[in-house]
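A short reminder: the numbers here are calculations on the coordinates, not readings from a lab. Treat the numbers as computed from the prediction; the structure is a model and nothing was measured. Virtual Cβ from ideal backbone geometry, glycine too; neighbours counted across all protein chains shown.
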Amino acid sequence: MKDLFRRGPKRFTPAARDNGQDIPDNMWVKCPSCGDLTYVKQLNDNLKVCKCGHHMRLSAREWLGILDAGSFIEEDAELAPVDPLGFVSAKDNYAEKLRTAQKNTGLNDSLIAGRATIDGHPVQVTISEFGFIGGSMGSVYGEKFARAVERAVELGYPLLTITSTGGARQHEGVLSLMQMAKTNMALTRLAAARLPHIALLVDPCYAGVLASYASVADVIIAEPGANIGFAGRRVIEQTIRQKLPAHFQTAEFLLEHGMVDMVVPRAELRTTLAKLLRLYKREPDRARAAAPAFEEHAVLKA
Amino acid sequence: MTTLTPWDKVQLARHPQRPHTLDYVRALCEDFVELHGDRRFGEDPAVVGGLARFDGQTVMIVGHQKGKDTRENVRRNFGMPRPEGYRKALRLFQHAEKFGMPLLCFIDTPGADPSMESEERGQAEAIAENIMVMAGLRVPIIATVIGEGGSGGALAIGVGDRLLMLEHTTYSVASPEATAAILWRDASKAPDAARVMRITAQDLLELGIADAIIPEPSGGAHTDPEAATAALGAALREHLAELRQLKTEELLDRRYQKYRSIGKFQERQRASLAVSANGQGLVFP
């Protein structure tokens, strides 16, 4: 589990840049994969992908760049967490942890939701912020997600989810677990409305979130080298008492094992999404014809 | 019995002599016919299911199954399903829907199997798909926790119109040991985790997630399986009768609302907006 929380180079705290300050061009960043140094500006120009191909983690705000400039309208930003279990122990205080995360990221919780366009196509979007308690899913994440889906249904928009997470948030206990049911429950309505859900899985993407909405999308895209899985690598290694191959639980591994539709380099993502949205766009006649045939079918696949 | 701590409850929920799914099913139902396999890859003994007659009607049974002794536990992987176990359950859910049979699920698992093979075969997808299908399944579903409710591995057969829990059972997002290890790097702090996490049947009822608690005989179900079975049977009959009154659309609406309303949050006056007017994104080509 520890390696999930391996941060990028210490100099990079993307969320802290939101006051609009310029990052000095003479800062170097060390790639966690190949160890090479790159100028910050050069790295940013390359979408924080190292020359070696390693895709560094982006903050939720940085991901907004994949949407048409100026098109993003944030929704439900006022939703904020509480401490439903009164989670206090000798070493861990949820209320304090929240305050720290909120101060560090400038967000109320670990999910940003809203609507936007990509190449002119409207979408409902959710983006998780790994920097906020590991992008973990608690009550606010689940509620924002459900509202985003309900809006998508109301507006007739496709849903794009960008997910980077360690899983369900421990500090909210079984309330977090039930968000797995809540998110999927909302998605049944998206499916009934014949609206597509495109899921982009980025490093790392694990556990209860992968085992809920992220794995039932109509199209699942993963970033190269992203670590994606249900059980943490260390848990499995402890269970089987052997080291796992480096390739295990990477996006490429998942592609080989039939679990994702495609692995797309970051530079090609926007084009890919635009293409998909064009393909899913409904002509009025096609929509009318498609609906009745499905009513008979017993089970709606998401 | 003196007041039990959450850790005591955990021990009871895991008690090796506690009745398991097949014990209850054989006692409560007639004509149980077990069905096997996921028709895709294999047969997982950690999940059992099949057709049965309960309270004068045909129902579909799905449950986690632990073993009675070490050998059987190894065969049943201690009740930890692999993807093929969840896919067998999925097949049986769809079978129930096709024939309009109520679905009775029995939860008793430490969690989903955390092995390399399970990852290769898509454990996350298997769980996610099951939750998705249960969410919209067009028959009444009652899920009952009879032992341990181990996180997503439990929820994958646990999305019911009603969630019932036997008195000395637990349901948690992670085992107390895992929680202690993740949060405090010390698995021996499990009893503290059990307390803080609020994982007992009583906690789940208070949190509005469990719909009812089924009383157990004094000392726990294992001390008087017949009495435990009788209590379980009575609860299932009662809730099934209520659910069968509802038209399908009403049933699905209520199920939607049940899960839609889980979660505690607040609305802050001053919104913490993710973006300033100019946005902060990188420039994607």
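Some values worked out for this structure:
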read-out	value
Equivalent ellipsoid dimensions for chain B as semi-axes, Å, which come from the Cα gyration tensor, largest first	31, 24, 21
For chain A, with +1 on Lys and Arg beta carbons and -1 on Asp and Glu, the positive-most of A:Leu244, A:Thr272, A:Ser139 along the dipole	A:Leu244
Beta bridge orientation in chain A: antiparallel %, DSSP, nearest 5	45 percent
For the range B:64-70, 3J(HN,Hα) per residue [Karplus equation, 6.51 cos²θ - 1.76 cosθ + 1.60, θ = phi - 60°, Hz, x = Gly/Pro]	6, 10, 8, x, 8, 9, 4
Packing-based exposure ordering (other Cβ within 10 Å, fewest first) of B:Asp224, B:Asp253	B:Asp253, B:Asp224
Cβ-defined net charge surrounding B:Ile142, 12 Å radius [Lys, Arg +1; Asp, Glu -1]	-1
Top of A:Ala60, A:Ala199, A:Ala207 by mean-square fluctuation, Gaussian network on chain A, Cα under 10 Å	A:Ala207
Label point at A:Ala267 placed 7 Å out along Cα→Cβ; residues across the range A:202-229 whose backbone nitrogen lies under 17 Å	A:223-225
Relative contact order [Cα under 8 Å, 6+ residues apart], chain B, whole percent	16 percent
The protein assembly as shown: antiparallel DSSP beta bridges as a percent of all, rounded to 5	45 percent
Alpha carbon centroid spacing (whole Å) that separates the range B:91-105 from the range B:56-73	16 Å
Residue-averaged 222 nm ellipticity for the protein assembly as shown, from DSSP H runs of 4+ at -39500 (n - 2.57), nearest 500	-11000 deg cm²/dmol
Label-point separation, B:Asp186 to B:Leu4 (7 Å along Cα→Cβ), nm	2.7 nm
Between 0 and 90°, nearest 10: helix A:284-295 axis offset from chain A longest Cα axis	90 degrees
Sites excluded, trypsin sites (Lys or Arg not before Pro) in DSSP loops with at most 15 other C-beta within 10 Å, longest stretch of chain A	A:92-193
Fewest-first ranking of A:Ser215, B:Ser188, B:Ser115, using other Cβ atoms within 10 Å as the exposure measure	B:Ser188, B:Ser115, A:Ser215
Distant-in-sequence amide H partners of A:Glu75 (H built 1.01 Å from N, under 5 Å)	A:Ala113, A:Gly114, A:Arg115
Gyration tensor (Cα) of the range A:207-284, equivalent ellipsoid semi-axes in angstrom	30, 14, 8
Isolated Cys residues of the protein assembly as shown, judged by Cβ distance under 4.7 Å to other cysteines	A:Cys205, B:Cys29, B:Cys105
Mean Cα-pair separation over length for the range A:222-281, i.e. relative contact order, pairs under 8 Å, 6 or more apart, %	41 percent
When the protein assembly as shown is reduced to its Cα atoms, the Kirkwood hydrodynamic radius in Å	24.4 Å
HN-Hα J in Hz across the range A:147-152 - Karplus 6.51, -1.76, 1.60, θ = phi - 60°, x for Gly and Pro	5, 4, 5, 5, 5, 4
Neighbour-count ranking [beta-carbon atoms within 10 angstrom, fewest first] of A:Phe130, B:Phe54	B:Phe54, A:Phe130
Relative contact order (percent, whole number), the range A:81-147, Cα cutoff 8 Å, 6+ residue spacing	28 percent
